Structure formats: C-alpha cells, structure tokens
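> Take this structure, written in structure tokens, and hold onto it; I'll ask about it next.
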Amino acid sequence: MTATDSPPGTARVLTGYRPEDGFMAVELDPPPAEYVWHDEHAEQQEQRYGPGAGYHQWLAVDTRDGAVWFGDTDWRAPRDDLGGQLPGPPRRTLGDGAVPAPGIMVQLLGHLAHDEQRGCTWHFFTAEELHALAVRILPAVQRLVDSLHRVGPDEAEWSAEAATAWDDIEQAATPVFDPSGGSPWPALHTTPVPPWRVEVGAFLASNPGLCDPSWGLATDAELDAYADYRPESGYGGVPGRMCSTAGRQIEEGFTFYGHRAALYAYRARACGDRSPADAAVWLETTETGRNAWEAARPPAASLADVPDCVLGFLAEEFQNAAHADGLALMGLDAYLRRLRAEERSAVDRQLVREAAEIERLETMVKDFRAARNRTVTRILAWADGRTDEEIARLASLPDGYVGDWRARLNDERTTPGG
C-alpha cells in the first residue's frame, strides 16, 4: 500500500484548542518565576537550574489525520518522567523508517532566552500563542500528512518530503524572542526536498538491474525482513542490501526513505491487477485453494519424495488457480519447500526410530544367542546319549553345527590343561 492508496486527513487544530472553543481543553500550568532560574557559575550540575526549568510545553501532530494540539508537562514531576507525559515521542528520537503507532509526534518548545542586558530569561507561552503557532504550521502539517508512505491501515513510513516538512515545522516552532514583544514564531518556509534525501522507489527505478524479481511474489514478512537489513557499517535498508548482494557501494551522505513502501510498490506492479494473497492462507483455508491442492498434488505420493521440478509444477498450478480468482500467491515457493522439508524431517525421525529399534532387537538377539549357546553346551556336557540331530532340532540349529560344537568340547577335555 502506498500513500495514494490511503487518503490522508486534513490539517487542523483540534476542537477545544481554539479561541472559539474558549480553549476548554487547555490546562497550562507553568512554574512560578521563583522556581525557574539558571546559575551558570554553580559548581554542582543540579544547582545550575531551578526545579521549574524542566517544564516543557509541546505541540502534537497526528500524522494519520492531520490533527494538531498542544499542552505542557508537570514541572514538579521528575525530569526522567518526560516521556510518560507526552502524547507521542519527539521527532528527534525517531529514525527515518517507520512512524511508530499511533503516529503521534511532538515538538518540544524552547523557553530559554538570553541577551546581554537581561541574561537568561524564560518565556512560557499562553494558549493564544500556542494556538497561533498551531495555525501557522498547518500547511507544513498537511504536506507531511499527504506525503507520508502508508504501508498498512495503521502503519506509516517517512518519506523524503515528509521529513523535510517536519524540518519546516521545527524551524517555525523555534521561538525567536523579540524584546519588543512581537510574535516569537518565525515565518513558515516550504523547503524543497534536499538532494541528499532519496526515495528508495527512485533508487530502484534508477538501478533496475539490482532489483530482485522474487520481490514480486514475496510475503509481507519477507519484504519487511529485506527492508530491515542492518549491517554493522555502511548503508542499511533496501539500497544497502541490494548493493551488498551485488558487491557495490553507495556514496556517503545520503538518507533513504520509504524502504517498505518501495518494495510493496514493486510487488504491486509485478502483480498487476491481481491482489496479493498469502499462499499458506489461501491453500489451507479457502475452498478454491484446498481444491487446487487436491487436484494438483501427486496421487499416493508424499511431498518428501517430490523433486524440485515437481515443486515448480505444483507452484505453477496453484498460481494459475489463484489467478482465476484474481489473486497472486505470495511466498508460494517458500511455503512448498517448507512443507517438503517438514515431511522429510518426519522421514528422518522415522529412520532414527527404526535404527533404534533395530539396535534394541539386535542386542536382544545377541543376548538370546549367548544364552542358547550356554544351554547347548550344558546339554552336550551331559553326554546322555542323545544324537546331534536331536539336540540341533531342539535348538533350531543345523545338525552339523551341533556336531562341530561337540567335537570342540571333546578336544577341550582331552587337551592337557583344558
């Protein structure tokens, strides 16, 4: 799924955070001035800032539907509890891959101003000032929401355009404190995407020879694993994996965006007008799939005995059946090979059981043979007049075997020291 497949929302300030709503959802509680101070000459780090200096005001953006709102943190709370008081993570803590669900990010606002006359001072914004900032950044928020890659119903991935839009939001939300008392917010700029930000889709289009045709029938999990390539050094993601496989190197200085989205788009083009479907699910849970399995599977044969060429024939038959339903099966080859491997593993386990049973029986036979030999020796020692044939018949032995045995025993008796 790409950004065009899932209609984004419209950038707006949430109800309750606007003057016409009386800011009924806003409860700002900045610290009193006596709790906010900075002593750059203090010897101990904890003495350089007052307890209120850890107070934060923030702007939140929902990347799914374009909602913008604002709030603050409790200045009395421990500073390491900041993350628990925010509706989402700050952008700077995220990478350039997936946008974590539910897709809400925050921009922390700066409050510290410094000039030679007044030194360090803090400016905490009113609801009206925060609303003015929220309205100011709406065009950049719309640009961000429109350009994010949508790779699932609730999954988003950064694009080069969206990352640039967020840079514009950060620039517009960095206050410039004017002693004259004017608006602290700088003008919003619409910055072009810099050339060092590259879409993976564009990289694939520029390097078709490095693309893997198997992506066209890969499962979501297989594509995600490919996109998640993380080497110890150098580029990761799809371009890094492609170039590593081909023995190529990418020039330093680029950042790539839309890894999963590019692979999913490649697969969508390969499938044409057919919908991707998981091969295992289709074969195991749908009537058409089960019927195709029964019709194509070799009669009275186990997959364990099937060579690769027959697996290829089965895969072709299943794909043709799925195509008739308007589907293209993902992960089919891997699924069939996994089934065959499982059946062959079962045969291996059977062989192990058989070998163990043979070993057990051979040990038992060896013990019984030794016991029989002792019994035959005992009877021969009686010399009770029975013939070799009679004793052989009792022991289920050839007549000559018992005769040879009797001769050996006689030799042992007549041999000196025997």
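> Using the Cα atoms of the range 141-213 to build a convex hull, what is its mean projected area in square nanometres?
7.0 nm²
> Starting from the Cα-Cα distance between L351 and Q249, subtract it from 0.36 nm times their residue separation and give me the gain in nm to one decimal.
Net length gain for the segment: 31.9 nm.
> Right, something else. Once fully extended, how much extra length lies between E34 and D308, figured as 0.36 nm per residue of separation less the alpha-carbon to alpha-carbon distance?
Length gained between E34 and D308: 90.8 nm.
> Report M24's accessible area, 1.4 Å probe, all protein chains in place, as a number in Å² to the nearest 10.
140 Å²
> Along the Cα→Cβ direction, 7 angstrom out, place labels at R413 and A101. What is the inter-label distance in nm?
My value for the distance between the label points is 9.2 nm.
> Next up: Please give me the summed charge of the neighbours of T363: other residues whose Cβ is under 13 Å from its Cβ, Lys and Arg +1, Asp and Glu -1.
Neighbour charge sum, excluding T363 itself: -1.
> Only helical DSSP H runs with n ≥ 4 go in: add -39500 (n - 2.57) per run for the chain, normalise by residue count and round the 222 nm mean residue ellipticity to 500 deg cm²/dmol.
-14000 deg cm²/dmol
> Summing +1 for each Lys or Arg and -1 for each Asp or Glu, what net charge is found among the other residues whose Cβ lies under 15 Å from the Cβ of L397?
After counting each charged neighbour, the total is +3.
> Hey, another quick one. Can you list, bin by bin at 10 Å, the percent of alpha carbon pairs in the range 116-240, starting at 0?
10, 29, 26, 18, 12, 5, 1
> Between L394 and R378, what is the spin-label point distance in nm, taking each point 7 Å from the Cα along the Cα→C-beta axis?
Using points 7 Å along Cα→Cβ, the separation is 1.0 nm.
> Using the crude model of +1 on Lys and Arg Cβ and -1 on Asp and Glu Cβ, and no other charge, please compute the dipole size for the chain relative to its Cα centre, in debye to 20.
Dipole about the Cα centre, nearest 20: 1740 debye.
> For the range 301-418, divide the Cα radius of gyration by the Kirkwood radius and give the resulting Rg/Rh value with two decimals.
We get a ratio of 1.53 for the range 301-418.
> Moving to a separate point now. Compute the projected area of the convex hull of the Cα atoms of the chain, averaged over all viewing directions, and report it in nm² to one decimal place.
Projected area, direction-averaged: 44.0 nm².
> May I ask you to rank E20, E157, E342 by accessible area, largest first, using a 1.4 Å probe over the protein chains only?
Accessible-area ranking of E20, E157, E342, largest first: E20, E342, E157.
The values are calculated or read from the model by the stated rules, or taken from the named source; none is laboratory data. Source: prediction; values computed, not measured. Using ideal geometry, Cβ is built from the backbone for each residue, glycine included, and neighbour counts are taken over all protein chains shown. Ligands, DNA and RNA are excluded from the accessible area calculation, which covers all protein heavy atoms including side chains. Shrake-Rupley method; radii C 1.70, N 1.55, O 1.52, S 1.80 Å.
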